[in-house]
Amino acid sequence: MQKPAYVIAAVAATLAPLHAAPEKSNWYEEMKIGPAWSNTFDDTFQGQKRLAAVKGILLELGDEKSHALFDTETLGLVNAYEGFVHWGGTPWTGAHAKLVALADETPVFNTARGTAKWADASGSFDDKRPIPGYGNFEHARFNGYFRSGSTIVLDYTVLGSRVLETVSAKDGTVTRAFEVAARKNDLTTIISDEAKPFTVAADGLSAKSGDGLTVAVKGGKLAADAKNPGRLLLRLAKGDKLAAQVAYARGSDPKPAAAPDFAALIKGGAPLWKEKIETVGTVSTDTKEPYATDVVTLPLDNPWKANLRFGGFDFLDDDTAVLSAWNGDVWTVKGLKGDWKKLTWQRIASGLFEPLGVKIVNGVIHVNGRDQITQLIDLNGDGEIDQFKTFNRDVYVTENFHEFAFDLQTDKQGNFYFSKAGPVKSGGRGFDKTLPNNGTIMKVSPDGKKLEVIATGLRAPGGVGVGPNGEISAGENEGSWEPACKISFAKASDLPVFFGCEPTRQELGKGKPYTEPLCFLPMDTDNSGASQVWVPQGAKFGVNPGEMLHLSYGQSSIYRVLPQQVGSRLQAGVSKLPIKLQSSAMRARFATDGSLYVLGFRGWQTNAANESGFQRVRYTGKPVPAPDKYEVTKTGVKLHFAQEIDPELAKDVASYSAQRWNYVRSSQYGSGEFSVDRPDKAAEEAAVNKESKNVKQRDTVKVTAAKLLSDNKTVELELEGMKPSMQLKVTYDLEDKDGNPIKSNVTSTVYQVP
């Protein structure tokens, strides 16, 4: 792991109480997450383990020991309690099937799952969502939250009226404070569910349950639910703007906190992380290779022990990048335009839900997490985020560990795009409960008001690409219904499409043909695909403007994609660019100077050397030893290079070798490699019902002739028995006319031979 020196560039600040345990051995027990943490949580309700909230925010309540969980779909508090969590969750412990669970064995109060927390216009709390238990309610929507110091102000709308809410705890009393806008309807909310009935005072200002919970209220009236006497309701009469307060205590009388000043709290408050960290970047002096790689040194040693596995980034300007970490942080780094002797890092936000995509539009930071796309807004200019504003949260989420939300890109019209993985079972084989957005690529309108699915049938799309003409692509991983890793691709005119994973076909994919990939990728080429990026016009990067580059998270590599249109079929090969990375290749963006910034981390299967890395790749002007054009011909292939090739080696068939093979697409995890020339029908049929990864039947293809064409840059190879194959690998060991080595391979999919 990178161990940079760092400098605290501000005076030491008094930290607000953040999630931390100072003497723990695991990093996740030491990391100070912040006063709000979005995640999926389990807990215990009346003695039974349960799913507490699919889209939940765990709130610190200001007394250094108490927490409350707010459900952003049902719009209510699930509970409040003393303690923190029992650890679980893939980004934290690495566990596949165990969620983070609340340490709430003795909660101050609880509410049941499976209902809306605010009644609809008919007075009903019934779950009337299209999929009960999941998604947004029509009458109640989450707008986001504000952070002022360590105080969180929840912001949501019920029956057209805006509600602001804070939650605090002191000396055994939990206080909920509300500011409710003018209302045309009475508003009613569930404030507790107890196993024993409530007794409500005649004035409706206090209530007690048989379980020892006492509740006091201002600005509204309490009532026991006639259908469920263990449920306590708060009623707010229609009328002008009002302030209300609910105070809870178990085993004693509540002592409510002072009413908050909501107007002040939503303007932006004191920063939590005053320290800025300076690192020194490493600028390569290597001019011998085609690409020089510079290292943006990360602030891994930071005062909050924040784990920085960065998985999304974009440029705020030429000097500043914004990066999101898998564990919920968002940071800025400044100094990219200079000599890199002083890179200044600032932690600007924390506690987001596994954010793996960042896109900046008109200066506004958009971050894509599992729960929603969030706009991050600095209200008071101190660099830290004060408003976490919901941009779009229509995506469905289940509790499955594998529902990663990958990437965030835009097209020329301003639409946003991201991908969502399928709910793979623990261990990777088979699928859990599948909801409408699982295994899809989604498009969100520029104003955030509309989400639509444009591609289905994906299993684990590690990233997306949006081409200059609206092309859509995704790096896909081997698994059930995915015989090998691949680059899924569709032109804008072909959308919507089905990319082949049957359990995530979704309604949109019914009746759609399987859109085969642009190219399959064997495990030694890419065992975990990520994003794609197109080379912009004017960029001097050693490859042609308009070309697609494919990022391999698993092999920490960047591939040049070489497409070929043969009749109605688009097929392609890939060739690895000689770029050395310190971590995986997950996200990449071109800077205005034509350099390529690459970001990656180590979270699942990858050969990445470091846990995280952020690097700049510059073209030095040296010839790139990878073909810039690859063509399948009737008798073989053509390889075209940007530089002239040594004729003697080019004409020698011993400079080349070739292999081909097929896969079997089925419900099994991945596929073996099956002969094209000597098909083994029995083995292929067996692969439909039983995993076949141990089958390795690649055909060695004889190179019967090699010639160098008149441009001295194109090599034409004749391959014995040229025919379609799901995988064709052509290896070459050449030199250019100056003796520089050109040694690599092109791995392609051949659907059609001209």
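The values are calculated or read from the model by the stated rules, or taken from the named source; none is laboratory data. If you're wondering where the values come from, they're calculated on a predicted model, not measured in any experiment. A quick note on method: Cβ atoms are made from the backbone with ideal geometry, for glycine too, and the neighbour counts reach across all protein chains shown. In case anyone asks, the SASA skips ligands and DNA or RNA and just uses the protein heavy atoms, side chains included. Shrake-Rupley method; radii C 1.70, N 1.55, O 1.52, S 1.80 Å.
Are there any trypsin sites (Lys or Arg not before Pro) in the stretch 559-655 that are in a DSSP loop and have at most 12 other Cβ atoms within 10 Å? List them by number. Please list the in-between numbers first.
Working: sites: ARG560, ARG569, LYS576, LYS580, ARG587, ARG589, ARG602, ARG616, ARG618, LYS629, LYS634, LYS638, LYS651; in loops: LYS580, ARG602, LYS634, LYS651.
Sparse-neighbourhood loop trypsin sites (Lys or Arg not before Pro): LYS634.
Given C-alpha coordinates of the stretch 561-650, what is the ratio Rg to Rh with the Kirkwood estimate of Rh? Mind showing how you got there, number by number?
Details: Rg = 16.8 Å, Rh = 15.9 Å.
That ratio equals 1.06.
What's the carbon and sulfur percent of the chain's accessible surface, probe 1.4 angstrom, rounded to a whole number?
Carbon and sulfur atoms account for 49 percent of the accessible area of the chain.
What value, in deg cm²/dmol to 500, does the helix sum -39500 (n - 2.57) over DSSP H runs of n ≥ 4 give at 222 nm once divided by the residues of the chain?
-500 deg cm²/dmol
Run the 1.4 Å probe and let me know the accessible area of LEU570, rounded to the nearest 10 Å².
50
What accessible area per residue, rounded to a whole number of Å², is obtained for the chain using a probe radius of 1.4 Å?
On the way: 28190 Å² over 754 residues.
Averaged over the residues of the chain, the accessible area is 37 Å².
State the percent of C-alpha pairs, over all pairs in the stretch 596-703, separated by a distance greater than 22 angstrom.
Numbers: 3579 of 5778 pairs.
Of the Cα pairs, 62 percent sit more than 22 Å apart.
Counting only pairs 8 or more places apart or on different chains, how many lysine pairs in the stretch 618-696 have C-alpha atoms closer than 22 Å? Don't skip to the answer; put the middle values down first.
On the way: LYS629/LYS638; LYS629/LYS651; LYS634/LYS651; LYS638/LYS651; LYS681/LYS690; LYS681/LYS693; LYS681/LYS696.
Going through the stretch 618-696 pair by pair, I get 7.
Counting other Cβ atoms within 10 Å, keep those with at most 10, restrict to DSSP loop, and tell me which trypsin sites (Lys or Arg not before Pro) in the stretch 485-549 are left.
LYS510
Counting just the Cα atoms, what span does the stretch 406-485 cover along each of its three principal axes? Round to the nearest Å and put the largest first.
39, 24, 15
Sort all Cα-Cα distances of the chain into consecutive 10 angstrom bins from zero, then give the percent of pairs in each bin up to the one containing the longest distance.
Over the chain, the share of Cα pairs per 10 Å bin runs 3, 14, 23, 23, 17, 11, 6, 3, 1, 0, 0 percent.
For the stretch 686-735, what is the per residue volume of the convex hull drawn over the alpha-carbon atoms, in cubic angstrom? The partial results should precede the final answer.
Details: hull volume 6.0 nm³, N = 50.
So the per-residue Cα hull volume is 120 Å³.
Please go through the residue pairs LYS305/LYS342; LYS337/LYS580; LYS196/LYS227; LYS49/LYS98; LYS389/LYS450 and name each one whose alpha carbons sit more than 19 Å apart in this structure.
Working: LYS305/LYS342 21 Å; LYS337/LYS580 22 Å; LYS196/LYS227 13 Å; LYS49/LYS98 12 Å; LYS389/LYS450 16 Å.
From the list (LYS305/LYS342; LYS337/LYS580; LYS196/LYS227; LYS49/LYS98; LYS389/LYS450), the Cα-Cα distance tops 19 Å for LYS305/LYS342; LYS337/LYS580.
Taking the convex hull of the alpha carbon atoms in the stretch 444-582, what volume per residue do you get, in Å³?
Details: hull volume 18.8 nm³, N = 139.
Expressed per residue, the convex hull around the Cα atoms of the stretch 444-582 is 135 Å³.
I need the fraction of alpha carbon pairs in the stretch 593-645 separated by more than 16 Å, rounded to a whole percent. Walk me through the numbers before you get to the answer.
Values: 907 of 1378 pairs.
Beyond 16 Å sits 66 percent of the P(r) for the stretch 593-645.
Using a 1.4 angstrom probe and counting only protein chains, how large is the accessible area of HIS67 in Å², to 10?
10
For a quick check of your reading of the filter: which trypsin sites (Lys or Arg not before Pro) in the stretch 172-261 sit in a DSSP loop and have no more than 14 other Cβ atoms within 10 Å?
Taking the stretch 172-261 and a limit of 14 other Cβ atoms within 10 Å, the loop trypsin sites (Lys or Arg not before Pro) found are LYS184, LYS227, LYS238, LYS241.
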